[in-house]
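The values are calculated or read from the model by the stated rules, or taken from the named source; none is laboratory data. Quick caveat, the model's predicted, so the values are computed rather than measured. No Cβ is skipped: glycine too gets one built from the backbone with ideal geometry, and neighbour counts run over all protein chains shown.
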Amino acid sequence: MSDIWTLLIADDCAEDREVYREYLLSDPHQSYQILEAASAEVGLALCQKKRCDAILLDFCLPDMSGLEFLDELKQQQLKLPLPVIMLTGQGDERVAVQAIKRGALDYLVKQHLQPDVLQLTVRNVIQQSQEQNRFAKTQERQQLTTTATAIHQDLQVTQALVALEKEKQLNVLKSQLIATISHEYRTPLTAILGAASTLKQHSDKLSQARQQRFLQIIEDKARQMAQMVDDLLVIETLEFGKAEFRSVPFELLRFFSDIIEEQRQFISDDHELTFKITGNTKGFWGDRKLLRQITINLLSNAIKYSPDGGHIEVHLMGNDSHIIFDVKDEGIGIPVEDRECLFQSFSRGSNVGIIPGLGLGLAIVKACVELHSGEITLESQADIGTKVTVSLPKRSV
């Protein structure tokens, strides 16, 4: 059995509406639900409330003409246009043509209207409208498919460009890494080879003190190279998300005191290293290895970038929720234009000169601080000195 179609009869004549109703309900090929409106206002309101499959529209309604009704129907901006059959009087073909131009699909002359003609016309109009709607939906789906395909292709192109850009960046990073490591390794290697060669060829002619001096050079430079390897391994672990955060309670005063004593062996007689503590530093939970990386890198930077000596101060502070410590030196400082990228790997100040280093220290510190859910700030003036402050919650989440 066919679906039941809903049809609106908009005609101010009750007798005519009854005739059309009887004709349509007697259609052996189709079933209908009939809605009736005696005015344009009621008809338009019904179109808003209920989806109609077609409208039988009288040209002359009491509150507006059929043409005006068509215009109002368009302004309602229904998702799918309603098929309209205009009912005109005999000899109103000019009006019928205007109705077709305004959007009506067909017209019928009211005089001598036969049941089979009305039934066939309504069926044809609704079927035609349904075909048009199906065609429109098919086109819409095709358009959506075409658009989706284009978006997918654009996305693939974008992803390819992003991948290419990342590859370029990686190649630049590789080149930078190779150049940096080659340069930084060459200096200590040259010193080691020179000292070893001297000992090998002239050990019998060198005093005990001179021999010890060359051995010390070999040891110092080997330690420098080992530190560079350690830094590379640490930054690789941190930047690729391989680092594990293991929070344990420990006593900070002893921890900082031990590290500071370790670093004293690397300072010259021109350096003065002091450590002070204020506030409540108890109750701290953190990762001991990561905190050691933070402290050693900041302290070794302060020593290394103060080649002419000066005062280096480590200040540990605490309150109820955080511990704060800063490392302050009177070294070469950092030019303003270099500060923005200093926390990036392989970045160094433009004023470091011959001071050795890979530019990984602050990148390691920042990554370790972030694993503690902490913050790091840097204040510096060229030729005046640098102060780095780290704030860590006592209980990292």
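Would you please name the residue that is modelled with the lowest pLDDT, looking only at residues in segment 54-99 that are among the small types (Gly, Ala, Ser) and in a helix (DSSP H, G or I)?
Result: Ala96.
Please give the number of the condition Asp230 fails out of (1) assigned by TED's automatic domain parsing to the domain that holds Glu219; (2) within 29 Å of Asp320 (Cα to Cα).
(2)
Results for (1) touching a strand residue (DSSP E or B) at 6+ places or on another chain (Cβ under 8 Å); (2) touching a residue at least 40 places away in the same chain (Cβ under 8 Å); (3) closer than 21 Å to Val109 by Cβ, shown as yes or no for each residue.
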| residue | (1), (2), (3) |
| --- | --- |
| Arg17 | yes, no, yes |
| Leu35 | yes, no, no |
| Leu46 | yes, no, no |
| Asp53 | yes, yes, no |
| Ser65 | no, no, yes |
| Lys74 | no, no, no |
| Pro83 | yes, yes, yes |
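Hey, any hits in segment 342-361 for a residue that's over 23 Å from Thr274 (Cα atoms) and at pLDDT 90 or above?
No: zero hits.
Return the residues of segment 116-130 that are without any contact (Cβ under 8 Å) to a residue 12 or more places away in the chain and not polar (S, T, N, Q); say none if nothing qualifies.
Once the filter is applied, which keeps residues that are without any contact (Cβ under 8 Å) to a residue 12 or more places away in the chain and not polar (S, T, N, Q), segment 116-130 yields Asp116, Val117, Leu120.
Restricting attention to segment 26-52, which residues are part of a helix (DSSP H, G or I), among the aliphatic types (A, V, I, L, M) and surrounded by 13 or more Cβ atoms within 10 Å (Cβ to Cβ)? Lay out the reasoning, then the answer.
First, the residues of segment 26-52 that are part of a helix (DSSP H, G or I): 40-49.
After this cut, where a residue has to be among the aliphatic types (A, V, I, L, M) as well, the list is 40, 42, 44-46.
Passing the criteria: Ala40, Val42, Leu44, Leu46.
Of the numbered conditions (1) more than 20 Å from Lys289 (Cβ to Cβ); (2) part of a helix (DSSP H, G or I); (3) outside the structural domain of His202 (by TED's automatic domain parsing); (4) not charged (D, E, K, R), Leu215 satisfies every one except a single condition; which is it?
Unmet condition: (3).
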